[in-house]
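What follows is a short report on a single structure.
The values are calculated or read from the model by the stated rules, or taken from the named source; none is laboratory data. Just so we're clear, the structure is a prediction, and the values are computed from it rather than from any experiment. No Cβ is skipped: glycine too gets one built from the backbone with ideal geometry, and neighbour counts run over all protein chains shown.
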Amino acid sequence: HSGSKPSLGNQYLDFGEGSTFATCERTERWKHGQFMPHMVRQLKGFKFGANVPPATEYKVEDSPTYLLARDEDCENLFHFSADLINMFNVAKMILRLDFSKLQ
């Protein structure tokens, strides 16, 4: 840890161009301002209208994937445990995922 914190809005980790993608196109309802700051940084590299490579070049995961944008405080035990608890709450109470079928 450097001993100094990044400025507000820059504390979250970035995702590279195309790290997340979909074959669909963006609609007029898509607005970055509707997302939390960490999601704006994650979705900044989201690629719409992506050309999907041949199926031999990638593996499709049948189980859900949870993308967790970690911030500069990820080494802090409180923030780390809060992330896990929030992930659990979303998975269990909102998405109603069956944990026996998750990795």
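Tabulated data
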| read-out | value |
| --- | --- |
| Test: residue in region 75-84 that is at pLDDT 85 or above, loosely packed, with under 12 Cβ neighbours inside 10 Å and charged (D, E, K, R) | no |
| Among (1) at pLDDT below 75; (2) over 30 Å from Ser100 (Cα atoms) - the single one Ser63 does not satisfy | (2) |
| Tally, over region 23-38, of residues that are among the polar types (S, T, N, Q) and not in a loop (DSSP other than H, G, I, E, B) | 1 |
| Unique residue being out of contact with any Leu (no Cβ under 8 Å at 6 or more places or on another chain) and exposed (fewer than 10 other Cβ atoms within 10 Å of the Cβ) when the list is Arg96, Arg26 | Arg96 |
